[in-house]
Amino acid sequence: MSHQMQPMASLTHPEPTSRRSTSAIEPTLLQPVPSRWITGLVTDILVRSQVVGLLNKLNGRNGGLILAMHEISAEQLESQLETIAATHTFVPLTELVDRLDRSLPTRGLAAITLDDGPEAITEGAAAIALRRGWPMTFFLPTGSIDRQQPAWYHEIPALLLASSGRTFSVDHRTFQLNGSASIVSAIDALTTDFRALSTSASVEGLLLTLRRALLSADELDPMLQVLRPLTWERVGELARHDELSFEAHSVTHLAMSRLSAVEIEKEMTESRTRIEGVTGRPVQHFCYPYGSWEDIGVVAPKIARRLFRSSVTMSRGRCTRRVDTALLPRVSLYESDTVHSVQTKAALAR
Ligand SMILES: [Zn+2]
């Protein structure tokens, strides 16, 4: 079994870019070459024909952007942010929300957010934030930092990629990991399973089943290159910089729609208190795990509205004056996004 796959280069967090998408994998990276080529061609034509520039002006009048990043290399992050910086000024999320609360214009402003707190990604991003003076907000699921264990959504892609060529069964379904397409569809199917779980114990149970099936072991394979969480010590050190803020992303990273009102409130207040205890700064913003409407549900926004100044989703959109600060849209950028696709995504957000 090979352990040489680098999850960071090819995979993204399973949070969907829209309510329709459930793909765990950055779609443009693993799709067949012709469709990737066509997507690139269409994007190129749009950019070259100045349609993107016009749309950016048109839609940009409606308000600013919140960018959402997950697993992304420092090089790509900096290059993508440079692209956005050509048309936007980066501001802290709190400043953007403050302007929305006071009905002040946000056009031309962008806030940078990164989810899940993986150590390597966060350190790389924080270094860019400090060097370039670009404020960034990091949404942390506190449970995985407390346990110092990688999250399932970082372990599963690494585990399956390292198990290429294998066949395994879970819940009466058989997965054959022959080639990237079958690995992607297995990750997709398992991601759907994980996202439907409503307790940490069931997440641990499914993880154990998969480790036993693929590794014949109960523990995380130390040879597997899996993104690990930041330590609280580093969160405390990084939080001393005014450019960096650490906000809440629940304790367990379970979909809020799967939890009771009492559990949702506990997830929100406990993650907030934990981060505030380490940083000594108020936690005012929340990021819904997975971020689709289906994963958020109807109860969580009501509670989030009471506990936080703002909450962000994975719905693509722009912070217009009519936006609900308990359900803020974001624009997600991935490792595979090019200068042109970054420009197009930003311009098309409405
Ligand atoms: Zn997340």
Give the residue from T344, L161, T192 lying farthest towards the positive end of the charge dipole for the chain; charges sit on Cβ (+1 for Lys and Arg, -1 for Asp and Glu) and the dipole is referred to the Cα centre.
T344
Using the Karplus curve 6.51 cos²θ - 1.76 cosθ + 1.60 with θ = phi - 60°, what ³J(HN,Hα) values do you get for each residue of region 191-208, in whole Hz, with x for Gly and Pro?
4, 4, 4, 4, 5, 7, 6, 10, 9, 5, 5, 6, 5, 4, x, 5, 4, 5
Let me know the whole percent of all Cα-Cα pairs from region 202-303 that are separated by more than 20 Å.
53
What residues qualify as long-range amide H neighbours of V312, i.e. H under 5 Å apart, gap of 5 or more or another chain, H built at 1.01 Å from N?
F286, C287, Y288, L328
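By average Cβ neighbour count within 10 Å, what is the ranking of 91-97, 129-135 from highest down? Each step should come with its number before you reach the end.
Details: 91-97: 20.6, 129-135: 16.4.
Final packing ranking: 91-97, 129-135.
Can you work out D for the chain in µm² s⁻¹ from Stokes-Einstein, where Rh is the Kirkwood radius over C-alpha pairs, the temperature is 10 °C and the viscosity is 1.306 mPa s?
Working: Rh = 20.6 Å.
The Stokes-Einstein estimate is 77 µm²/s.
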Go through I183, T89, S245 and say which Cα lies farthest out towards the positive end of the charge dipole of the chain; charges sit on Cβ, +1 for Lys and Arg, -1 for Asp and Glu.
T89
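Relative to the present Cα-Cα distance, how much length would full extension add between T87 and V262 at 0.36 nm per residue of separation?
Details: separation 175, 0.36 × 175 = 63.00 nm, distance 4.27 nm.
Extra length from T87 to V262 when fully extended: 58.7 nm.
In terms of the Cα gyration tensor, with a ≥ b ≥ c the square roots of its eigenvalues, is region 262-333 rounded because a/c is under 1.5, prolate because a/b exceeds b/c, or oblate?
Prolate, since a/c reaches 1.5 and a/b exceeds b/c.
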List every residue whose amide H lies under 5 Å from the amide H of L230, counting only residues 5 or more places away in sequence or on a different chain, with H placed 1.01 Å from N in the peptide plane.
E119
In deg cm²/dmol and to the nearest 500, what is the mean residue ellipticity at 222 nm of the chain if only DSSP H runs of at least 4 residues count, each as -39500 (n - 2.57), divided by the residue total?
-14000 deg cm²/dmol
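Values in this text are rule-based calculations from the coordinates and carry no lab data. Because the structure is predicted, anything quoted here is derived from the model rather than measured. Backbone-built Cβ (ideal geometry, glycine too); neighbour counts: all protein chains shown.
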